[in-house]
Amino acid sequence: MNLIYNGYMRKFPFINDNKWKVIISTRWHSLKHSKVGTIKKDIIMNKRIFLISILIFSISLFIYGQNDENYYKIRDEAYNLYKAKNYCLASKKYERAFNSPDIKISYVDYYNAACSYALCGNIDTAFYYLSIVVKEYNFSYYNHFVSDSDLIILHNDTRWESLTNIVKENNIKKDKLLDKDLILILDSIRKDDQSLRLRQIEYEKIYGVKSEEADRLNDSIIKQDSINLIKIERILDEHGWLGSKFIGENGNLTLFLVIQHSNLKTQEKYLPMLREAVKKGNALPNQLALLEDRVLIGNGEKQIYGSQLQYSKDEQNYIVSPMIDPENVDRRRASMGLEPMSEYLKFWNLTWDIENYNRQIKKIEKKYK
């Protein structure tokens, strides 16, 4: 059973097994409700700043971006081959991805490669990658490890017991660090955050985006968000941005969700803390990308990673909010561990057409000049 994580709504191992994964609000409900739509200069403001930003990104992406983009593309191809039960070809694809220079490879990818090699019958290479996962990344999900059907072929090998014992030790060490009381609090907050947003998606499908039913539910979401924020601010101000080793993956995700769903002032307050958390490995780069975009759009500026959507009356649908250099957005997204725009927009039943997007944005900019 491969460990899965998908782009901006990364499905962390052992968090949720739902198709919708984690619902992260990425939408502005109307152009007129966003600073992008109400202030003439907002969409095209600070052109010099944006030009400098594009130049900086272009330099860094020239060096690293293409490697990142190729890595994630090849890795996704490998995973699709795994799903198609073409395990030997999947193994070769993973190997090719791992040969990409200047890439920090996730333990999830190494684990998935090990599964593919095991199912292909290449036992030695499967153990090689599992050893990296267990010994270098301190893999600690013992129950998953020993029950994973993909790895059954390895159980009779003498190396299996040794790795299993290390995973068990890692699990014990991790368990000692976890703050159980705080995890329970965060688990309750996350459920409150997600349950209403899941219902919101259903309401919009049944009644429409601008229906009274959807508006009433949105009022409930705003109220619940304010309650959640009081609790999360207390945790962040007292403990800082805790990593998963203290509050688990679910708890760590909850910190991000609540800040992402808060007001602009709060987002700006905790953005530096999240940046620092990413540097320390206490949060994920894709979380930072989403919050960076949210703050930029909230201030009437163009986003960087294309994660934020807004409702367009002209289109009668959601569109991607204005961004810098849309032609190279997938490179920027890849550098933060985000899936390509074409995959990301499938969640919203939208397609990514760069030419159509540029036409839409020009129309919006012209309207508000």
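The values are calculated or read from the model by the stated rules, or taken from the named source; none is laboratory data. A quick note: this is a predicted structure, and the numbers were derived from the prediction, not measured. Quick reminder, even Gly has a Cβ in these numbers, built from the backbone with ideal geometry, and neighbours come from all protein chains shown.
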Query - Subset of region 224-261 (residues that are of a type in the set (S, T, Y) and either touching a residue at least 40 places away in the same chain (Cβ under 8 Å) or closer than 18 Å to L290 by Cα (or both)) - result: T254
Report summary line: When (1) farther than 24 Å from D175 by Cα; (2) in a helix (DSSP H, G or I) are applied to S262, the one that fails is (2)
Query raised in the report: When Y270 is evaluated against the numbered criteria (1) outside any helix (DSSP H, G or I); (2) under 21 Å from N228 (Cβ atoms), which criterion, by number, is the only one it fails?
Result: (1)
Requested in this report: May I ask you to verify whether D293 is modelled with pLDDT of 95 or more, in a helix (DSSP H, G or I) and either in contact with a Phe, Trp or Tyr (Cβ under 7 Å, 6 or more places away or on another chain) or assigned by TED's automatic domain parsing to the domain that holds I230 (or both)?
Outcome: yes
Query - Qualifying position, being under 20 Å from F246 (Cα atoms) and charged (D, E, K, R), among D225, D187, D215, D193 - result: D187
Query raised in the report: Is there a residue in region 145-168 that is within 22 Å of R333 (Cβ to Cβ) and hydrophobic (A, V, I, L, M, F, W, C)?
Result: no
Query raised in the report: If you take the residues of region 82-138 that are β-branched (V, I, T) and in a helix (DSSP H, G or I), which of them is surrounded by the most Cβ atoms within 10 Å (Cβ to Cβ)?
Result: V134
Query raised in the report: within 17 Å of I259 (Cβ to Cβ), among the small types (G, A, S) and in the same structural domain as G251 (by TED's automatic domain parsing): does that describe S220?
Result: no
Query raised in the report: Is it the case that region 307-327 has a residue that's aliphatic (A, V, I, L, M), surrounded by 16 or more Cβ atoms within 10 Å (Cβ to Cβ) and touching a residue at least 60 places away in the same chain (Cβ under 8 Å)?
Result: yes
Query raised in the report: Looking at L163, L151, which one is in contact with a Ser or Thr (Cβ under 8 Å, 6 or more places away or on another chain) and part of a helix (DSSP H, G or I)?
Result: L163
Report task. Among the candidates G337, G281, single out the residue that is small (G, A, S) and touching a Pro at 6+ places or on another chain (Cβ under 7 Å). Result -> G337
Query raised in the report: Out of region 226-264, which residues are out of contact with any helix residue (DSSP H, G or I) (no Cβ under 9 Å at 6 or more places or on another chain) and of a type in the set (D, E, K, R)?
Result: R234, D237, E238, E249
Query - Residue within region 254-273 that is surrounded by 15 or more Cβ atoms within 10 Å (Cβ to Cβ), small (G, A, S) and either farther than 23 Å from V209 by Cβ or within 14 Å of the chain's Cα centre (by Cα) (or both) present - result: no
Query raised in the report: In region 328-363, how many are in contact (Cβ under 8 Å) with a residue 24 or more places away in the chain and of a type in the set (K, R)?
Result: 4
Query raised in the report: Restricting attention to region 64-80, which residues are modelled with pLDDT of 90 or more and hydroxyl-bearing (S, T, Y)?
Result: Y79
Requested in this report: Would you point out the residue of region 310-351, among those that are hydroxyl-bearing (S, T, Y) and closer than 14 Å to A289 by Cα, that is nearest to the chain's Cα centre (by Cα)?
Outcome: Y344
